[in-house]
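Novice: I have a structure here, written as structure tokens, and I will follow up with some questions on it.
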Amino acid sequence: MSKTVLLTGGAGFIGSALVRYLINYTDTVVVNVDKLTYAGSLHSLGGADADPRHHFHQDDIIDADAMRALVDKYQPDYIMHLAAESHVDRSIDGPGEFIQTNIVGTYNLLQIALEYYQSLKGDKKEMFKFHHISTDEVYGSLGETGLFTETTRYKPNSPYSASKASSDHLVRAWNKTYKLPVVISNCSNNYGPFQFPEKLVPLIIQKAVAGEPLPIYGKGDNIRDWLFVDDHVKALWTIVTHGDDGEVYNVGGHNEKTNIDVVMTMCSILDDIKPREDGKKYSEQITYVADRPGHDRRYAIDAAKIERTLGWTPDETFETGIRKTVEWYLDNAQWIAKVSGDYSGDRLGSK
């Protein structure tokens, strides 16, 4: 029997990838709830929204009445909560939106999920889970060695990561206090198709082919673990369907790279598949700019738990995933033009 998922943020980068996966590879009914902010677009669904199993509702998770009405109408087996303001630079410029969406919005959903869960009976109640999708940024910054594990102390350093840490704590509290069945996942840096052009990978690709400077914060030596988005959404579905109540799962790509290494790799791929007309290398466009305030030095995920307990490992290496990503952006200039809106590639969060 097919399951019904109520998915918040399903027109965003990770959310739309999850929608495409569920529609294309499962028989799941998807209730896609998205406010359609600047970073959300139905163009990112890749045609999955035409499937009769996909039901889209443009609503804000801050609107508790709207959320309650959707839960009552669709009676979901799972609630997968991805809706969030997610760009660190924007959180520096305007933290208020992050507090409202990421903290208050999560509280609304938890209350509604609890009311709904308490009304269920039998197998439906036994199956229900609230899955909160979070980030490795809640753990703060690592030194030169070590990895984030599911028991690492929270030390958020940006308004964005603080808001996500707060929502993680709320989800845990609703599980421990009210016995709402939950799972939490914290992922590393996602990249791949359909990512809004403000993020590093699509921004660099667009600026490179436009012949513009490629801005690198500080010395470019900040380290992130890179996770291909299609691998991530497979992990999410595994977690919500097979994860244990109250557990936290870290999802990583086993790909620690400095920002400059990521950019140099993309430049090399572009040199190979779309050489500059003047014969020069794209890496010559690299320029170093003032660092981001509170820029965490290094993130690295220990994904051993999800591999050991749920059998998930990423399919893509960084080399295969980033090549697929560069090729996709080169082939989908129309999508970029449709979703960019007022964003012109200017720097954010420099104050």
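Novice: I'm trying to understand the selection: among the residues of the range 126-145, which are in contact with a helix residue (DSSP H, G or I) (Cβ under 7 Å, 6 or more places away or on another chain) and either under 14 Å from Asp168 (Cα atoms) or of a type in the set (Lys, Arg) (or both)?
Specialist: Passing the criteria: Lys129, Phe130, His131, His132, Ile133, Ser134, Thr135, Glu137, Val138.
Novice: In the range 63-71, is there at least one residue being surrounded by 24 or more Cβ atoms within 10 Å (Cβ to Cβ) and over 19 Å from the mean Cα position of the chain (by Cα)?
Specialist: So far as the range 63-71 goes, yes, one or more of its residues are surrounded by 24 or more Cβ atoms within 10 Å (Cβ to Cβ) and over 19 Å from the mean Cα position of the chain (by Cα).
Novice: Something else about it: Looking at the range 301-351 only, could you name the residues that are in contact with a Phe, Trp or Tyr (Cβ under 7 Å, 6 or more places away or on another chain), at pLDDT 90 or above and not in a helix (DSSP H, G or I)?
Specialist: Ile301, Asp302, Pro314, Glu316, listed by residue number.
Novice: Looking at Glu137 and the list (1) part of a loop (DSSP other than H, G, I, E, B); (2) of a type in the set (Asp, Glu); (3) under 18 Å from the mean Cα position of the chain (by Cα), which single condition is not satisfied?
Specialist: The failed condition is (1).
Novice: Continuing with this model, one more query. Give the residues of the range 222-267 that are of a type in the set (Lys, Arg) and closer than 21 Å to Ile133 by Cα, sorted by residue number.
Specialist: Of everything in the range 222-267, those that are of a type in the set (Lys, Arg) and closer than 21 Å to Ile133 by Cα turn out to be Arg224, Lys234.
Novice: May I ask you to list the residues in the range 1-42 that are in a loop (DSSP other than H, G, I, E, B), of a type in the set (Val, Ile, Thr), under 19 Å from His131 (Cα atoms) and without any contact (Cβ under 8 Å) to a residue 60 or more places away in the chain?
Specialist: Thr28
Novice: Let me ask something else. Against the condition under 18 Å from the mean Cα position of the chain (by Cα), assigned to a helix (DSSP H, G or I) and of a type in the set (D, E, K, R), how does Asp89 come out, does it pass?
Specialist: yes
Novice: Suppose the filter is within 19 Å of the chain's Cα centre (by Cα) and in a loop (DSSP other than H, G, I, E, B); does Glu144 pass it?
Specialist: Considered against the rule, which asks whether it is within 19 Å of the chain's Cα centre (by Cα) and in a loop (DSSP other than H, G, I, E, B), Glu144 comes out as no.
Novice: Mind checking which residues of the range 223-267 are polar (S, T, N, Q) and either more than 16 Å from Ile306 (Cβ to Cβ) or not in a helix (DSSP H, G or I) (or both)?
Specialist: Within the range 223-267, Asn250, Asn255, Thr258, Asn259, Thr265 qualify.
This table checks each residue for (1) acidic (Asp, Glu); (2) modelled with pLDDT under 95; (3) closer than 29 Å to Ser166 by Cβ.
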residue	(1), (2), (3)
Thr28	no, no, no
Thr37	no, yes, yes
Asp63	yes, no, yes
Ala69	no, no, yes
His81	no, no, yes
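Novice: Could you list all residues from the range 43-73 that are in contact with a strand residue (DSSP E or B) (Cβ under 8 Å, 6 or more places away or on another chain), outside any helix (DSSP H, G or I) and under 21 Å from Lys234 (Cβ atoms)?
Specialist: Matches in the range 43-73: Arg53, His54.
Novice: If you take the residues in the range 237-271 that are among the small types (Gly, Ala, Ser) and buried (at least 18 other Cβ atoms within 10 Å of the Cβ), which one is modelled with the lowest pLDDT?
Specialist: Gly253
Novice: Could you give me the residue pairs with C-beta distances under 6 Å whose first residue belongs to the range 152-169 and is in contact (Cβ under 8 Å) with a residue 40 or more places away in the chain and closer than 11 Å to Ser134 by Cα, whose second residue is acidic (Asp, Glu) and crowded, with 21+ Cβ neighbours inside 10 Å wherever it lies, and which are 6+ apart or on separate chains?
Specialist: Ser161/Glu137
Residues are listed down the side, and each one gets a yes or a no for (1) under 24 Å from Trp312 (Cα atoms); (2) surrounded by fewer than 19 Cβ atoms within 10 Å (Cβ to Cβ); (3) more than 18 Å from the chain's Cα centre (by Cα):
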residue: Tyr178; (1), (2), (3): no, yes, yes
residue: Asn189; (1), (2), (3): yes, no, no
residue: Gln195; (1), (2), (3): yes, no, no
residue: Pro202; (1), (2), (3): no, no, no
residue: Gln206; (1), (2), (3): no, yes, yes
residue: Tyr217; (1), (2), (3): no, no, yes
residue: Phe228; (1), (2), (3): yes, no, no
residue: Ala235; (1), (2), (3): yes, no, no
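Novice: Glu150 versus (1) surrounded by fewer than 21 Cβ atoms within 10 Å (Cβ to Cβ); (2) under 19 Å from the mean Cα position of the chain (by Cα); (3) part of a helix (DSSP H, G or I); (4) not β-branched (Val, Ile, Thr): which is the lone unmet condition?
Specialist: (3)
Novice: To continue, here is another question. If you take the residues in the range 157-173 that are among the polar types (S, T, N, Q) and farther than 13 Å from Asp296 by Cβ, which one is surrounded by the most Cβ atoms within 10 Å (Cβ to Cβ)?
Specialist: Checked the range 157-173; the qualifying residue surrounded by the most Cβ atoms within 10 Å (Cβ to Cβ) is Ser163.
Novice: Scan Ile204, Ile184 and give me the residue that is closer than 28 Å to Ile286 by Cα, β-branched (Val, Ile, Thr) and not in a loop (DSSP other than H, G, I, E, B).
Specialist: Ile204
The values are calculated or read from the model by the stated rules, or taken from the named source; none is laboratory data. Owing to the predicted nature of the structure, the values given are computational and were not obtained by experimental measurement. Because the Cβ atoms are built from the backbone with ideal geometry, glycine has one as well, and the counts that use them run over all protein chains shown.
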